[in-house]
Amino acid sequence: MASINQTGALIRLPNFCNLGVMLRALVLVNLFVLAAAALRTRSLGEFPFEFLLLAAFVEPVLILSLVVLCLARKALHAIGYAGAIGALFVFELLVAWGLQEFFGQLLPDRAPLPYPMLALVVVFVTGCTLLYFDLRSRALSPAIAEARIQALQARIRPHFLYNSINAVLAYIRSEPRKAERALEDLADLFRVLMADNRTLTPIGQEVQLARQYLAIEELRLGDRLKITWRIDEMPAEALVPPLLLQPLVENAVYHGIEPAEAGGEIVIDVRRKDGQVVMELTNPYSAAGSHVAGNRMAIANIRERLQLHFDAEASMRSEVGNGIYRVTIKLPYMVAP
């Protein structure tokens, strides 16, 4: 079973450019350093010095590895998962060997590890680190995220389907071309919802999907639904989790437009700013609206999927003020390798 990952493709290597991945790698490797320092010392007084000495060797290896693996992300994708794993092990062995030679000249009184022992330690630590990330991805993705995604796919309310079909029926005789176009939009919408949505998708496709959804809702709501798109600065190639925008738009229609007698305006702003993709959606809000008490499954689902795909680098915030409900999503700018 394929897992959700942070790289935008099916390769199971973690995204080493991700801040959360970097922090976890630092913690995990330093736990090995602590264990090694404890095994190499005979007294508690010797432990701090031994730990600092080992850390002085390991930290440069780790930091250099993370930087190079981040920069080489596209190349690793190009050679496939097995090739990427092999290249990673070779690289780690070369870096560790080079730094041991360097430290050997700085500390001639410290006996270096024999090369077979050094290679064994490097392979063991690297393998354990990769195994941790792979198991974490497999444990989280199928059990939680895929179940959540299925729930989100099933969340297109029956009333939307029924109302959309009724809206189309009303136009079949008077405006058959408009009715035909609406049926095509409806078919495209449900084709996406039924697809395998575990890999990242270009944000341009998400915007197109939201447009098709809103075109169907415009048939039903007419002039009550006003839409403003601010996508002149949108990076259409940026990768985002699938079904990111459409559920937010659906919530805006259901909670903001339908309860208001005069309708209202939905504003969708997508842009790139400081190496991030920023999505902002606003719609009218009324505490007295009949739909305000609706469930927040879509919001919670999207927030969880952002965390799984981008870890600590993505955020989602919702707020209410001056009769406006605003949702802001920030996630790292990422393109297909």
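The values are calculated or read from the model by the stated rules, or taken from the named source; none is laboratory data. Keep in mind that what you see is a predicted model, and the values were worked out from it rather than measured. Positions of Cβ are generated from backbone atoms using ideal geometry, with glycine treated the same way; all protein chains shown enter the neighbour counts.
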Exercise. Among the residues of the range 156-172, is any modelled with pLDDT of 85 or more, in a helix (DSSP H, G or I) and in contact with an Asp or Glu (Cβ under 8 Å, 6 or more places away or on another chain)?
Worked result: no
Exercise. If we scan the range 194-202, do we find a residue that is assigned by TED's automatic domain parsing to the domain that holds Pro284, part of a helix (DSSP H, G or I) and under 25 Å from Val270 (Cα atoms)?
Worked result: no
Exercise. Does the range 170-188 include one or more residues that are closer than 30 Å to Ser137 by Cα and touching a Leu at 6+ places or on another chain (Cβ under 6 Å)?
Worked result: no
For this session: Could you tell me which of the residues Leu248, Leu243 is on the phi > 0 side of the Ramachandran plot and among the aliphatic types (A, V, I, L, M)?
Result: Leu243
Exercise. From the list Ile231, Ile216, Ile268, which one is hydrophobic (A, V, I, L, M, F, W, C) and over 29 Å from Leu308 (Cα atoms)?
Worked result: Ile216
Seminar exercise, completed: Restricting the range 250-281 to residues that are part of a strand (DSSP E or B) and surrounded by 20 or more Cβ atoms within 10 Å (Cβ to Cβ), the one modelled with the lowest pLDDT turns out to be Gly264
Problem set entry | Which listed residue is buried (at least 18 other Cβ atoms within 10 Å of the Cβ) and farther than 25 Å from Ser137 by Cα, from Ile227, Ile203 | Ile227
Problem set entry | Failed item in (1) crowded, with 18+ Cβ neighbours inside 10 Å; (2) touching an Asp or Glu at 6+ places or on another chain (Cβ under 8 Å); (3) at pLDDT below 85, with Asn5 passing the rest | (2)
Problem set entry | Residues of the range 304-337 that turn out to be of a type in the set (A, V, I, L, M), buried (at least 18 other Cβ atoms within 10 Å of the Cβ) and not in a loop (DSSP other than H, G, I, E, B), as a count | 6
